[in-house]
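Working notes, beginning with the structure itself.
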Amino acid sequence: MDLDRFKPEHWWNVVAVAGGLIAGAAVSQQFVAAFLIGLGLLCFGIGEWINHPQRTEIARSVVVNMYTKTRSNPWKPTVIGISFDVLGIGLFGFGLFRLLFAS
């Protein structure tokens, strides 16, 4: 994971940052359910960050001798990325369960 790839335009980065902020705020308030929800969002965002590697293509124009560089982030799942996704969804679900049903 290269920090140069972090851009807030990508939704997975926003989810990861929001999860980190929620988890950090929950620690100071000792709010376990919110901590689990924030940690789940953080893990899911990291998993999607891993699953969306940056791809650069260089296309050559036939009519005009010019090259164009395009960048995209297609979804390319990896074992580590899917593992983080599953862990994040599990933590988020467990935190939501504790928030709604635990006394």
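Every number here is computed from the coordinates shown, using simple stated rules; none is lab data. What you see is a predicted model; the values in this text were computed from it and never measured. Using ideal geometry, Cβ is built from the backbone for each residue, glycine included, and neighbour counts are taken over all protein chains shown.
Potential lengthening of the chain between residue 28 and residue 87 amounts to 18.9 nm, from the contour at 0.36 nm per residue minus the alpha-carbon distance. Amide H contacts of residue 52: 76, each under 5 Å away and 5 or more positions distant or on a separate chain (H built 1.01 Å from N in the peptide plane; Pro and chain starts excluded).
Toward the positive end of the charge dipole of the range 30-103, with +1 on the Cβ of Lys and Arg and -1 on the Cβ of Asp and Glu, the farthest Cα among 86, 32, 100 is that of 86. Evaluated with a Cβ-only charge set (Lys, Arg +1; Asp, Glu -1), the range 3-101 carries a dipole of roughly 280 debye about its Cα centre, given to the nearest 20.
Using a Gaussian network model of the chain in which every pair of alpha carbons under 10 angstrom is joined by a spring, one finds that among 21, 91, 39 the greatest mean-square fluctuation is at 21.
For the chain, run through the chymotrypsin sites (Phe, Trp or Tyr not before Pro) and keep only the ones in DSSP coil with at most 10 other Cβ atoms within 10 Å of their Cβ.
Sparse-neighbourhood loop chymotrypsin sites (Phe, Trp or Tyr not before Pro): 75.
Would you look at the GNM of the chain, springs on alpha carbons closer than 10 Å, and say which of 64, 14, 86 moves the most? Top of the fluctuation ranking is 64. Build a GNM of the chain with springs between Cα atoms under 10 Å apart, and of 63, 17, 79 the one that fluctuates most is 63.
Loop-located GluC sites (Glu not before Pro) across the chain with a Cβ neighbour count of 14 or fewer within 10 Å are 9, with loop assigned by DSSP.
Across the chain, Cα-Cα distances exceeding 22 Å account for 43% of all pairs.
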